[in-house]
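Just so it is clear, none of the values below were taken in a lab; they were calculated from the coordinates. What you see is a predicted model; the values in this text were computed from it and never measured. Glycine also receives a Cβ, built like all others from the backbone with ideal geometry; neighbour counts cover every protein chain displayed.
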Amino acid sequence: MSFLKVNGLQVKIGNFILDNISFELNEGQIITILGPSGSGKTILLESIAGFHTLNKGKIYLENKDISILPVEKREIGFMFQDYALFPHWTVRENILSSFKFNKGYKKININPEKIIKMLHIEDLLDRYPINLSGGERQRVALARSLVANPKMFLFDEPMSALDARTRENLRDELLSILKNLSLSAIYVTHDHIEAFTLGDLVGIINKGKLVQIGERNKIFRNPNSIFVADFIGIENLFSAKIQLVKKVSPELYFIIAKHKQIEFKIFSKEQFSTNDEVFLSIRSEDISFLDESEEKNDNFKNIIILEVIDIVQIDFFYKIFLGGDVLLKVITLKDSIKKHKINTGKKIKVHIDPEYIHIIKA
Ligand SMILES: Nc1ncnc2c1ncn2[C@@H]1O[C@H](COP(=O)(O)OP(=O)(O)OP(=O)(O)O)[C@@H](O)[C@H]1O
């Protein structure tokens, strides 16, 4: 039985309609919601928290219909980007205020001291919010929300005002705290890395509709549209035409799709027809380099020779831009650059596993 069930939700705010939103979340699971600005992410969270009247649909928390309960009765905690702390209260007072306000909740099983330790804010307890950094303020806000002991949590881009390093640290801590306390959460973000790091489930919303939702690993390589592929950070997307479809097992097809002069060999669970116009989607980390001597082309391998156009370092990774009959971006490590002597202008063999090429209907 699911912990949270959102069923056919429709909410109208001005001219905006959030429509037909359905998903389920188990206890302790996190769902991340990704979507462009104005797609309805905040309205979705606000609707679950109880700030909007539902036009259609139901929300169940622990099997109880909470669709018309007022905000304070839902026992749902939320934390937003500009989560305000009380400025004239110390960190300790801010945190304990929430503990006191929420004593009405049935089971107080959260120990404020444990939360304070988990968030490493012991040394900040006597300070006022104005004397805290952005990251510290978010830690305190999180502590305050956690000690209120909600049944579940809603996060609306809580890290977006923080610098990359602080954001990464806090994100890892948040994940370990939520998992430690077995708390379910919905976490809204623009950032696909954040979405795939935090979410057991990932949902993509566009123009008020949940356009795809599923387990993180399934969504990662199997976007159902160009919009989703682009939004979840798939960098290699190009058109192709299906040349051959062969059933190789009850649930698997071997497909050849042609882009310019290149025939891509693909294993797909979905059936397509010859001459279908499609898009191929390949994650940049799923392409590997081969040495001259390595591997000869055979029926089930994609080996292509392309020219290195540019090499860009990103943190510990390198992004290699390749050109030729297809433009590809490859993410790799320094070791691989050394091993394959990758330089701008060099012609290099790349390999793409047929299982890692995903076909999207055009
Ligand atoms: N009170 C309101 N009255 C009328 N329209 C609203 C209201 N609140 C939000 N909207 C509109 O609803 C749409 C969805 O807003 P929402 O805040 O949910 O988007 P979002 O996906 O959270 O965007 P962002 O990433 O920019 O925060 C937007 O077009 C917004 O302008």
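Figures for the structure shown
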quantity: Cα centroid separation, the range 147-195 to the range 270-333 (Å); calculated: 33
quantity: In the range 189-263, the GluC sites (Glu not before Pro) that fall in loop regions by DSSP, at most 10 other Cβ within 10 Å; calculated: GLU251
quantity: Loop-located GluC sites (Glu not before Pro) in the range 295-362 whose Cβ has at most 14 other Cβ within 10 Å (DSSP); calculated: GLU295
quantity: For the range 4-228, convex hull of alpha carbons as volume per residue, Å³; calculated: 123
quantity: Violating pairs (Cα-Cα greater than 26 angstrom) within the set LYS64/LYS179; LYS58/LYS361; LYS260/LYS301; LYS56/LYS207; calculated: LYS58/LYS361
quantity: Theoretical gain in end-to-end length, ASP335 to ILE226 [0.36 nm per residue, Cα-Cα removed]; calculated: 36.0 nm
quantity: Cβ charges +1 (Lys, Arg) and -1 (Asp, Glu), total dipole of the chain, debye; calculated: 580
quantity: Those trypsin sites (Lys or Arg not before Pro) in the range 124-214 that DSSP places in a loop and that have at most 13 other beta carbons within 10 Å; calculated: none
quantity: Amide H contacts of TYR187 (H built 1.01 Å from N, under 5 Å, at least 5 apart or other chain); calculated: ILE31, THR32, ILE33, PHE155
quantity: Cβ-Cβ FRET estimate between SER37 and LYS246, R0 fixed at 56 Å, reported to 0.05; calculated: 0.80
quantity: Potential extension, GLN313-LYS260 segment - 0.36 nm per residue separation minus Cα distance; calculated: 16.1 nm
quantity: Label-point gap, in nm, between GLN10 and ASP353 - each point 7 angstrom along Cα→Cβ; calculated: 4.3
quantity: Residues ILE303 and ASP163, FRET efficiency given R0 of 41 Å [Cβ-Cβ distance, rounded to 0.05]; calculated: 0.45
quantity: Computed E for GLU93/ASP65 - FRET, C-beta separation, R0 35 angstrom, nearest 0.05; calculated: 0.45
quantity: Gaussian network model of the chain, springs between alpha carbon atoms under 10 Å - residue of ALA84, ALA229, ALA195 with greatest fluctuation; calculated: ALA84
quantity: The range 234-361: C-alpha pair distances exceeding 24 Å, %; calculated: 29
quantity: Structure-based [θ]222 nm, the chain - -39500 (n - 2.57) summed over DSSP H runs of at least 4, per residue, nearest 500; calculated: -6500 deg cm²/dmol
quantity: Chain lengthening between ASP291 and GLN271 when straightened (0.36 nm per residue, less Cα-Cα); calculated: 3.8 nm
quantity: Positive-end residue, the chain charge dipole about Cα centroid, Cβ charges, pick of VAL6, LEU201, ILE348; calculated: VAL6
